[in-house]
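The values are calculated or read from the model by the stated rules, or taken from the named source; none is laboratory data. Source: prediction; values computed, not measured. A quick note on method: Cβ atoms are made from the backbone with ideal geometry, for glycine too, and the neighbour counts reach across all protein chains shown.
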């Protein structure tokens with residue numbers, strides 16, 4: 001495996017780092033101020049001007065739609081391995097990826113449409129998503145069931161002749177608070193009597209379809225994540241054309257595996273960027289403060305934490321690159337163990353390092369004066385997003401048990417006692 005960055009990637013890295021220095025970091029304060037001003041005016045669910053102003057600049061800099069490989073509609077898209085170091089840089093600021101049209105859930109939804117949608121649906125919805133003109137949401141998780149087992153999902157997608165009728169309740173529908181959200185991908189049950197993994201389907205639902213009702217915004221550790229938001233949604237007699245079904249009835253799990261693989265690894269790439277920035281902030285803070293007669297960085301406990309942080313980041317990055325390499329070369333299905341492993345490793349690593357950075361900053365670390373509290377909340381949430389740690393660990397364990405059993409059968413040599 002060769003993880004060396006190509007000249008093309010190095011050039012993109014340099015341009016992206018320069019863009020971050022020139023446009024992203026200087027505007028962090030403005031971004032939050034805009035959201036707070038909108039909230040104070042009575043409506044936090046308004047897109048920020050700063051992101052809309054920066055999008056054309058990112059596109060002009062050739063830093064647009066980098067996430068989507070193998071698409072004629074997005075020729076600028078990179079392989080997973082090429083995209084990894086760039087996504088890491090974007091992850092240093094929680095909202096930065098949107099500036100480059102590389103933010104969730106739009107990236108996963110565009111991947112889904114590219115792979116599984118008809119050309120008509122791509123023309124209607126994928127093109128404006130690729131242009132950054134609209135946003136989208138993915139509706140899978142439900143409040144009434146343990147959605148970590150997706151076979152539990154109860155939302156019904158019923159065949160009514162020339163259309164489907166959708167009824168159900170979803171939550172953690174990220175992005176649905178944004179007024180730019182114009183299209184939803186909904187997972188639901190088309191045939192409750194089919195085999196367990198053939199009951200579910202996915203369907204494209206225009207946001208303005210009658211019967212789509214946002215009930216409330218869900219907070220994350222006290223953050224409402226406006227203007228993006230995580231919404232609880234009622235789908236009540238939502239009528240959708242039959243042509244909006246993706247790939248066909250009963251193919252929902254197949255689509256989910258294709259969609260969630262890239263999304264999971266993108267989260268991990270961004271987690272590494274968040275951890276890197278937290279480590280930099282930790283070291284800067286420790287070097288700038290004196291306690292008990294010497295710089296805080298000279299106390300041995302911080303040597304341990306700095307060293308451990310660097311070790312954990314490098315381990316996570318190498319596993320992420322391996323997973324990306326395998327996705328590019330042998331496909332998501334073969335790489336599912338590596339994808340599951342890094343999905344456990346990366347957010348746990350990032351929350352640990354960010355927690356140490358908060359500790360290094362004292363009371364300021366939990367305040368709005370630094371990015372750390374928001375970053376920690378975001379990373380802690382990723383231990384649920386795209387499947388909780390426990391589900392990924394079960395996947396890893398089952399694959400390991402199967403691998404060992406296969407090896408045992410292949411090397412079926414009797415053990416004999418020596419004379």
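Among the candidates 395, 329, 320, 408, the residue that is surrounded by 13 or more Cβ atoms within 10 Å (Cβ to Cβ), more than 30 Å from residue 291 (Cα to Cα) and out of contact with any helix residue (DSSP H, G or I) (no Cβ under 6 Å at 6 or more places or on another chain) is uniquely 329. Condition test on residue 274, is it surrounded by 18 or more Cβ atoms within 10 Å (Cβ to Cβ), over 30 Å from residue 335 (Cβ atoms), touching a residue at least 60 places away in the same chain (Cβ under 8 Å) and within 25 Å of the chain's Cα centre (by Cα)? No; evaluated as a whole, the condition is false for this residue. Taken together, the residues in region 129-151 that are over 10 Å from residue 187 (Cβ atoms), in contact with a strand residue (DSSP E or B) (Cβ under 9 Å, 6 or more places away or on another chain) and not in a loop (DSSP other than H, G, I, E, B) amount to 5. Restricted to region 162-171, and to residues there that are more than 16 Å from residue 251 (Cα to Cα) and modelled with pLDDT of 95 or more, the residue that is surrounded by the most Cβ atoms within 10 Å (Cβ to Cβ) is 170. When we screen 140, 126 for residues that are crowded, with 22+ Cβ neighbours inside 10 Å and assigned by TED's automatic domain parsing to the domain that holds residue 27, the only hit is 126. Can you pull out the residues in region 216-242 that are within 25 Å of residue 95 (Cβ to Cβ), exposed (fewer than 13 other Cβ atoms within 10 Å of the Cβ) and touching a strand residue (DSSP E or B) at 6+ places or on another chain (Cβ under 7 Å)? Scanning region 216-242 gives a single hit, 216.
Has region 253-261 got any residue that is without any contact (Cβ under 8 Å) to a residue 60 or more places away in the chain and either buried (at least 20 other Cβ atoms within 10 Å of the Cβ) or at negative phi (or both)? Yes, that holds for at least one residue.
Per this entry, residue 104 is not counted among residues that are touching a strand residue (DSSP E or B) at 6+ places or on another chain (Cβ under 8 Å), farther than 24 Å from residue 346 by Cα, in contact (Cβ under 8 Å) with a residue 12 or more places away in the chain and not assigned by TED's automatic domain parsing to the domain that holds residue 215.
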